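Reviewing the structure listed below.
The values are calculated or read from the model by the stated rules, or taken from the named source; none is laboratory data. This is a predicted model, so every value here is computed, not measured. Cβ placement follows ideal geometry from the backbone for every residue including glycine, while neighbour counts extend to all protein chains displayed.
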């Protein structure tokens, strides 16, 4: 059973961003690119993607965000297929960022501190494999830093009475954009559902 209210949805719009005119509701930047040279991408799963996307779109150095699905085995999955728990995908927010303005470490700190990465296949009252904690990296440096930060944060969490971190960390997983009505959902629906809740434990990452 899912705690998030599943309202009746409009007919799905085009999901494939390639060649589409979809733009970020707030910044106006194209969701599919092209993106400025030197910018990087990472996808983060931390429960419902509505609240996760809002967490990152206002950070200085973040060029554009998009809600989507990653880490499963179905190609171009629908929201309903992901919610069924049978697609293997995670609800994620893809972040395109300028590493000269905001470091990957800063993004990781925001990620770790704003959800509970010890809960397995859930996030709070949202239960299911699509809500598991996940980091999908796009290069070796991100992969190494994600693992190092996980180990450092796990030690601090355990010292504060939490269990081991269950976050999935993988590289090269294909990102599938969510339906248009999910993009920047909480900007379009300010009173919409947001289940984000951190552990209250600071992540000991060096931001220098």
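Among the candidates 13, 18, which residue alone is at pLDDT below 95, in contact with a helix residue (DSSP H, G or I) (Cβ under 6 Å, 6 or more places away or on another chain), surrounded by fewer than 23 Cβ atoms within 10 Å (Cβ to Cβ) and over 30 Å from residue 150 (Cβ atoms)? Before the answer, list the steps.
Numbers: 18 fails: in contact with a helix residue (DSSP H, G or I) (Cβ under 6 Å, 6 or more places away or on another chain).
Result of the check over 13, 18: 13.
Does residue 32 satisfy the condition of being modelled with pLDDT under 95 and surrounded by fewer than 16 Cβ atoms within 10 Å (Cβ to Cβ)?
Values: modelled with pLDDT under 95: yes; surrounded by fewer than 16 Cβ atoms within 10 Å (Cβ to Cβ): no.
So residue 32 fails the test.
Against the definition (touching a residue at least 40 places away in the same chain (Cβ under 8 Å), farther than 20 Å from residue 24 by Cα, out of contact with any helix residue (DSSP H, G or I) (no Cβ under 6 Å at 6 or more places or on another chain) and surrounded by fewer than 19 Cβ atoms within 10 Å (Cβ to Cβ)), how does residue 88 come out, yes or no? Walk me through it before giving the result.
Numbers: touching a residue at least 40 places away in the same chain (Cβ under 8 Å): yes; farther than 20 Å from residue 24 by Cα: yes; out of contact with any helix residue (DSSP H, G or I) (no Cβ under 6 Å at 6 or more places or on another chain): yes; surrounded by fewer than 19 Cβ atoms within 10 Å (Cβ to Cβ): yes.
For residue 88, the condition - touching a residue at least 40 places away in the same chain (Cβ under 8 Å), farther than 20 Å from residue 24 by Cα, out of contact with any helix residue (DSSP H, G or I) (no Cβ under 6 Å at 6 or more places or on another chain) and surrounded by fewer than 19 Cβ atoms within 10 Å (Cβ to Cβ) - is met.
Looking at the range 95-113, can you tell me whether even one residue there is modelled with pLDDT of 95 or more and under 17 Å from residue 180 (Cα atoms)?
Start the filter on the range 95-113 by keeping residues that are modelled with pLDDT of 95 or more, which leaves 95-113.
With the extra rule that they be under 17 Å from residue 180 (Cα atoms), the set shrinks to 95.
For the range 95-113, residues modelled with pLDDT of 95 or more and under 17 Å from residue 180 (Cα atoms): present.
For residue 99, all conditions in the list (1) in contact with a strand residue (DSSP E or B) (Cβ under 6 Å, 6 or more places away or on another chain); (2) crowded, with 20+ Cβ neighbours inside 10 Å hold save one; what is the number of the exception?
With respect to (1) in contact with a strand residue (DSSP E or B) (Cβ under 6 Å, 6 or more places away or on another chain); (2) crowded, with 20+ Cβ neighbours inside 10 Å, residue 99 is out only on (2).
Check whether at least one residue in the range 170-177 is farther than 14 Å from residue 71 by Cα and not in a loop (DSSP other than H, G, I, E, B), and report yes or no.
Going residue by residue through the range 170-177, those that are farther than 14 Å from residue 71 by Cα are none.
No, there is no match, as no residue in the range 170-177 is farther than 14 Å from residue 71 by Cα and not in a loop (DSSP other than H, G, I, E, B).
Does the range 180-190 hold any residues that are assigned to a loop (DSSP other than H, G, I, E, B) and crowded, with 18+ Cβ neighbours inside 10 Å, and which are they?
Taking the range 180-190 and keeping what is assigned to a loop (DSSP other than H, G, I, E, B), we get 183-184, 189-190.
If the condition is that a residue be assigned to a loop (DSSP other than H, G, I, E, B) and crowded, with 18+ Cβ neighbours inside 10 Å, then 183, 184 are the ones that fit.
From 136, 175, which residue is surrounded by 20 or more Cβ atoms within 10 Å (Cβ to Cβ) and under 15 Å from the mean Cα position of the chain (by Cα)?
Values: 175 fails: surrounded by 20 or more Cβ atoms within 10 Å (Cβ to Cβ).
Checking each option against the conditions leaves just 136.
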